[in-house]
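Have a look at the structure below before the remarks.
The values are calculated or read from the model by the stated rules, or taken from the named source; none is laboratory data. Note that this is a predicted model, so its numbers are computed, not measured. Don't worry about glycine lacking a Cβ; one is built from the backbone with ideal geometry, like all the others, and counts go over all protein chains shown.
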Amino acid sequence: MPELERPGGLVLAYETTGDPSMPAVILLHGFTSDARMWQAQVRALAEDYFVITPDLRGHGQSDPPADAASAVMDDFAQDVLALFDALEVELGVLVGCSFGGMIAAQFAVNWPERLAGLVLSDASAAYDHPSYDDAYRHREARMLESEQLVERFGAGELGKRAAARVSDPFLASALRDRYARMSTEGYLAASRVRRERPDLLPVLAERLTMPVLICTGSEDPVHSASLAMATELSGARVVTFRDKGHGLPAVAPEAFSETLLAFLADIESGSPIAARITI
């Protein structure tokens, strides 16, 4: 994978696919995942777009931060900005899933002028809000327990325990590999940043001046948090995927890719964006 060096010597790995002269689409993966999660979307986009898929710091082949305790959300957003600049992307569409969506939202609030469009899937704009339901809170409690386990035994042990709960040998092996590719420092930094990130909900309407697509699964524990974003963004397109859980680009790859391509086409044609859709 190509690499980009950041201040302090931290190295980010990324892939590019397609013609650099075409409109740029940057895909940010979720927590504990890496750029490989976007394979279906890269195939769908590559003919008409310049697709950029980084491994976030501490994930995949990218270095972890030197000090997990001092990491902040702006570090991740600045990495994306540096990638825009290094690849000479003046204007692009940023797509983020889960933790990648949190980073994408921060980027959009910081530098809205760099975005032709924003896609937030399985994501939230604040760690907590009164409108979040019990499913969200139970998920976050489990994630905090996982963080504490990683602090004691390392990211690899979490992967082994997750794999032990999966009956399919192929999926179990993939889970072990996924966590083995992630350093303990990277896990802890990202986990803490998720919890301590700024509350962006109050500024979304003012700062997100670009077309916005929010994708959410009806069975996703983060669904209520995604709807809280939608409440702040009356001009957004909100697509609910019926009977789908967390991680739509992976659990509903064809439907997600079709939804993304339709959104991109509407941006390019100047068609209306605002809608509430269930598929």
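Tabulated data
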{"item": "Residue, farthest from GLU268 (Cα to Cα), within segment 51-96, restricted to residues that are among the polar types (S, T, N, Q) and assigned to a helix (DSSP H, G or I)", "result": "SER70"}
{"item": "Matching residues, segment 148-162, being part of a helix (DSSP H, G or I) and in contact (Cβ under 8 Å) with a residue 24 or more places away in the chain", "result": "VAL150, GLU151, ALA155, GLY156, LEU158"}
{"item": "Residue in segment 218-238 that is β-branched (Val, Ile, Thr) and assigned to a strand (DSSP E or B) present", "result": "yes"}
{"item": "Residue in segment 188-197 that is touching a residue at least 24 places away in the same chain (Cβ under 8 Å) and not in a helix (DSSP H, G or I) present", "result": "yes"}
{"item": "Considering residues of segment 241-272 that are small (Gly, Ala, Ser) and in a helix (DSSP H, G or I) only, the residue nearest to ALA24 (Cα to Cα)", "result": "ALA265"}
{"item": "Which listed residue is closer than 23 Å to ARG139 by Cβ and touching a strand residue (DSSP E or B) at 6+ places or on another chain (Cβ under 7 Å), from LEU28, LEU94", "result": "LEU28"}
{"item": "Pair list, Cβ under 7 Å, 6 or more apart: segment 27-49 residue under 11 Å from LEU260 (Cβ atoms), other residue assigned to a helix (DSSP H, G or I) and hydroxyl-bearing (Ser, Thr, Tyr)", "result": "ALA40/SER257; GLN41/SER257; ALA44/SER257"}
{"item": "PHE31 assigned to a loop (DSSP other than H, G, I, E, B) and within 18 Å of ALA123 (Cβ to Cβ)", "result": "yes"}
{"item": "Any pair with Cβ under 6 angstrom, 6 or more apart, that starts in segment 100-112 at a residue that is on the phi < 0 side of the Ramachandran plot and ends at one that is assigned to a helix (DSSP H, G or I) and buried (at least 24 other Cβ atoms within 10 Å of the Cβ)", "result": "ILE103/PHE76; PHE107/VAL80"}
{"item": "Subset of segment 227-277 [within 26 Å of ALA205 (Cβ to Cβ), of a type in the set (Ser, Thr, Tyr) and either buried (at least 17 other Cβ atoms within 10 Å of the Cβ) or without any contact (Cβ under 8 Å) to a residue 60 or more places away in the chain (or both)]", "result": "SER234, THR240, THR259, SER269, SER271"}
{"item": "Positions within segment 163-187 being under 20 Å from CYS97 (Cα atoms), in a helix (DSSP H, G or I) and in contact (Cβ under 8 Å) with a residue 60 or more places away in the chain, in sequence order", "result": "ARG178, TYR179, GLY186, TYR187"}
{"item": "Selected residue (only one of ALA13, ALA44 is in a strand (DSSP E or B) and surrounded by fewer than 23 Cβ atoms within 10 Å (Cβ to Cβ))", "result": "ALA13"}
{"item": "Which listed residue is closer than 22 Å to ASP74 by Cβ and out of contact with any Pro (no Cβ under 9 Å at 6 or more places or on another chain), from LEU201, LEU227, LEU175", "result": "LEU201"}
{"item": "Residue in segment 70-78 that is surrounded by fewer than 19 Cβ atoms within 10 Å (Cβ to Cβ) and either more than 16 Å from the chain's Cα centre (by Cα) or β-branched (Val, Ile, Thr) (or both) present", "result": "yes"}
{"item": "Leading residue by the ranking (nearest to ALA250 (Cα to Cα)) among those in segment 97-116 that are part of a helix (DSSP H, G or I) and of a type in the set (A, V, I, L, M, F, W, C)", "result": "PHE99"}
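To keep it simple, each residue is scored yes or no on (1) modelled with pLDDT of 95 or more; (2) surrounded by 16 or more Cβ atoms within 10 Å (Cβ to Cβ).
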position: ALA104; (1), (2): yes, yes
position: ALA126; (1), (2): yes, yes
position: HIS138; (1), (2): yes, no
position: LEU158; (1), (2): no, yes
position: ALA164; (1), (2): no, no
position: ASP168; (1), (2): no, no
position: LEU175; (1), (2): no, yes
position: ALA180; (1), (2): no, no
